[in-house]
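K.L.:
Mind having a look at this structure? Questions to follow.
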Amino acid sequence: MPAVSYVNGAYMDHKEAKVNIEDRGYQFADGVYEVFAVINKKIVDYDGHLERLFRSLKEISLDSPIVYDAYLFHIRNLIKKNNIIDGLIYLQISRGVAQRDFKFPKNTKPSIVITARSISMGDYFSKFEKGIKVKITEDLRWKRVDIKTINLLPPVLAKQSAVENGCDEAWMIDSEGYITEGSSSNAWILINNKLITTPANNSILKGITRTSLIKALKKKKIKLIEKRFNIKDIKNANEAFITSATQFVMPVIKVDNNKIGNGKVGKYAHVFKDAYMEAIQLK
Ligand code: PDD
């Protein structure tokens, strides 16, 4: 069965789906996006992701090309049309097609693309048991990374550098030596039973998985401190994690040359993952 995508009002064969060469997403990275996980045919934390999408649109002064309720309709259609049990939905909106010019075009309809693909939860659980390695890289991004824009060259370069060094993720470090977040995830460490993550200000994307995990941990009465952390803190950490819609909660066992704890997935990793999985909203 060929994969089906939604492009500007029509469902089409994914291989045949095209964007215009003058799309501002293509030329200027002038657009925003969201990634939703699907577990057992249901969308994970849908409301949080959709609210963040509308916030991102507002922050770059872009109108939604479709009404609020239409998103759920199209995403559910794609889950059905692509026979997704567990998967990922990618949704992108750009400022549309216009002759190349930096200022906003007048009377241009935003472009929207939604794609769906399957993932294996089995692969996730096996990766979880092994944990991942992280490389520290410089945070080269702009000052509004709280907006989920498609302007992703710095995280692309960070991730590539991590992969070339045998790691799965990059943790980006700011000019003051603090970790901001992962190239496509939020970063967490655990020191002496206290969980630490960077506060959600303009220096990180406020992850929907992060928000869900925080809510879940409150119920479990685990102490969370939202504060910046640096390499010295990482060296003292007993455990470390990343969170994102694609990785859920994923333990980190090594950061650069520093083993975290004993270099194996720690006991809190399971507690956090289970708490998160219990707390997610499915729609
Ligand atoms: N990225 N920080 C950054 C820079 C991210 O790109 C992401 C997600 C997150 C985690 O956000 P959430 O929990 O809402 O997925 C944090 C997605 C998965 C991506 O670009 O593929």
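K.L.:
State the number of residues belonging to the stretch 11-40 that are farther than 16 Å from Ile114 by Cα and either more than 16 Å from the ligand (Cβ to nearest atom) or not assigned by TED's automatic domain parsing to the domain that holds Lys106 (or both).
P.N.:
Taking the stretch 11-40 and keeping what is farther than 16 Å from Ile114 by Cα, we get 21-22, 24, 27-30, 39-40.
From what is left, the residues that are either more than 16 Å from the ligand (Cβ to nearest atom) or not assigned by TED's automatic domain parsing to the domain that holds Lys106 (or both) are 21-22, 24, 27-28, 30, 40.
Total meeting the criteria: 7.
K.L.:
Does Lys106 satisfy being over 26 Å from Met277 (Cβ atoms) and not aromatic (Phe, Trp, Tyr)?
P.N.:
Working: over 26 Å from Met277 (Cβ atoms): yes; not aromatic (Phe, Trp, Tyr): yes.
So Lys106 fits the description; yes.
K.L.:
Okay, next question. Taking Val32, is it in contact with a helix residue (DSSP H, G or I) (Cβ under 6 Å, 6 or more places away or on another chain) and either surrounded by fewer than 20 Cβ atoms within 10 Å (Cβ to Cβ) or at pLDDT 95 or above (or both)? Walk me through how you get there before you give the answer.
P.N.:
Numbers: in contact with a helix residue (DSSP H, G or I) (Cβ under 6 Å, 6 or more places away or on another chain): yes; either surrounded by fewer than 20 Cβ atoms within 10 Å (Cβ to Cβ) or at pLDDT 95 or above (or both): yes.
It is true that Val32 is in contact with a helix residue (DSSP H, G or I) (Cβ under 6 Å, 6 or more places away or on another chain) and either surrounded by fewer than 20 Cβ atoms within 10 Å (Cβ to Cβ) or at pLDDT 95 or above (or both).
K.L.:
Let me ask something additional. Step by step: first the residues of the stretch 192-208, then only those that are over 21 Å from Ser56 (Cβ atoms) and modelled with pLDDT under 95, then the one that is nearest to the ligand (Cβ to nearest atom). Which residue is that?
P.N.:
So, considering only residues that are over 21 Å from Ser56 (Cβ atoms) and modelled with pLDDT under 95, the one nearest to the ligand (Cβ to nearest atom) is Lys194.
K.L.:
I would also like to ask the following. Please specify each residue of the stretch 136-166 satisfying the condition of being open to solvent by less than 70 Å² (accessible area, probe 1.4 Å), more than 10 Å from the ligand (Cβ to nearest atom), assigned to a loop (DSSP other than H, G, I, E, B) and without any contact (Cβ under 8 Å) to a residue 40 or more places away in the chain.
P.N.:
If the condition is that a residue be open to solvent by less than 70 Å² (accessible area, probe 1.4 Å), more than 10 Å from the ligand (Cβ to nearest atom), assigned to a loop (DSSP other than H, G, I, E, B) and without any contact (Cβ under 8 Å) to a residue 40 or more places away in the chain, then Gly166 is the only one that fits.
K.L.:
Still on this structure, please answer the following. Does the stretch 116-130 contain at least one residue that is closer than 21 Å to Gly9 by Cβ and open to solvent by less than 30 Å² (accessible area, probe 1.4 Å)?
P.N.:
Checked against the condition, which is being closer than 21 Å to Gly9 by Cβ and open to solvent by less than 30 Å² (accessible area, probe 1.4 Å), the stretch 116-130 yields at least one hit.
K.L.:
Val265 - would you say it is within 29 Å of Tyr90 (Cα to Cα) and either modelled with pLDDT of 95 or more or not in a helix (DSSP H, G or I) (or both)? First the steps, then the outcome.
P.N.:
Details: within 29 Å of Tyr90 (Cα to Cα): no; either modelled with pLDDT of 95 or more or not in a helix (DSSP H, G or I) (or both): yes.
Against the criterion (within 29 Å of Tyr90 (Cα to Cα) and either modelled with pLDDT of 95 or more or not in a helix (DSSP H, G or I) (or both)), Val265 does not qualify.
K.L.:
So how many residues does the stretch 167-185 have that are crowded, with 23+ Cβ neighbours inside 10 Å and farther than 17 Å from Lys235 by Cβ?
P.N.:
Residues meeting the conditions: 7.
K.L.:
Continuing with the same structure: I'd like to verify a number: residues in the stretch 6-53 that are in a loop (DSSP other than H, G, I, E, B) and over 26 Å from Arg100 (Cβ atoms), how many?
P.N.:
So in the stretch 6-53, the residues in a loop (DSSP other than H, G, I, E, B) come out as 8-9, 14-22, 29-30, 40-41, 45.
Then drop every residue that is not over 26 Å from Arg100 (Cβ atoms), which leaves 14-15, 40-41, 45.
Final tally of qualifying residues: 5.
K.L.:
Can you tell me which of (1) surrounded by fewer than 21 Cβ atoms within 10 Å (Cβ to Cβ); (2) away from the ligand (no atom under 16 Å from the Cβ) is the one Ala269 doesn't meet?
P.N.:
Single failed check for Ala269: (1).
K.L.:
Is the stretch 186-198 home to any residue that is at negative phi, of a type in the set (D, E, K, R) and surrounded by 14 or more Cβ atoms within 10 Å (Cβ to Cβ)? I'd like the intermediate steps shown before the answer.
P.N.:
Restricting attention to the stretch 186-198, the residues satisfying the condition of being at negative phi are 186-191, 194-198.
Still in the running and of a type in the set (D, E, K, R): 194.
Checking the rest, the ones that are also surrounded by 14 or more Cβ atoms within 10 Å (Cβ to Cβ) come to none.
Checked against the condition, which is being at negative phi, of a type in the set (D, E, K, R) and surrounded by 14 or more Cβ atoms within 10 Å (Cβ to Cβ), the stretch 186-198 yields no hits at all.
K.L.:
Looking only at the stretch 202-223, how many residues end up being polar (S, T, N, Q) and within 15 Å of Ile173 (Cα to Cα)?
P.N.:
Restricting attention to the stretch 202-223, the residues satisfying the condition of being polar (S, T, N, Q) are 202-203, 209, 211-212.
Filter once more, so that each one left must be within 15 Å of Ile173 (Cα to Cα): 202-203.
Qualifying residue count, the stretch 202-223: 2.
K.L.:
Now for a separate question. Looking only at the stretch 209-228, which residues are near the ligand (Cβ under 9 Å from one of its atoms), open to solvent by less than 20 Å² (accessible area, probe 1.4 Å) and out of contact with any strand residue (DSSP E or B) (no Cβ under 6 Å at 6 or more places or on another chain)?
P.N.:
Answer for the stretch 209-228, where residues must be near the ligand (Cβ under 9 Å from one of its atoms), open to solvent by less than 20 Å² (accessible area, probe 1.4 Å) and out of contact with any strand residue (DSSP E or B) (no Cβ under 6 Å at 6 or more places or on another chain): just Ser212.
K.L.:
Now a separate question. It is to be established whether one or more residues within the stretch 51-71 are open to solvent by less than 40 Å² (accessible area, probe 1.4 Å), among the charged types (D, E, K, R) and closer than 30 Å to Tyr178 by Cα.
P.N.:
Yes; the residues of the stretch 51-71 include at least one that is open to solvent by less than 40 Å² (accessible area, probe 1.4 Å), among the charged types (D, E, K, R) and closer than 30 Å to Tyr178 by Cα.
The values are calculated or read from the model by the stated rules, or taken from the named source; none is laboratory data. These numbers come from a predicted model, not from an experiment. Cβ sites come from the backbone with ideal geometry, for glycine too, and all protein chains shown count toward neighbours. Only protein heavy atoms, including side chains, enter the accessible area calculation; ligands, DNA and RNA are left aside. Shrake-Rupley method; radii C 1.70, N 1.55, O 1.52, S 1.80 Å.
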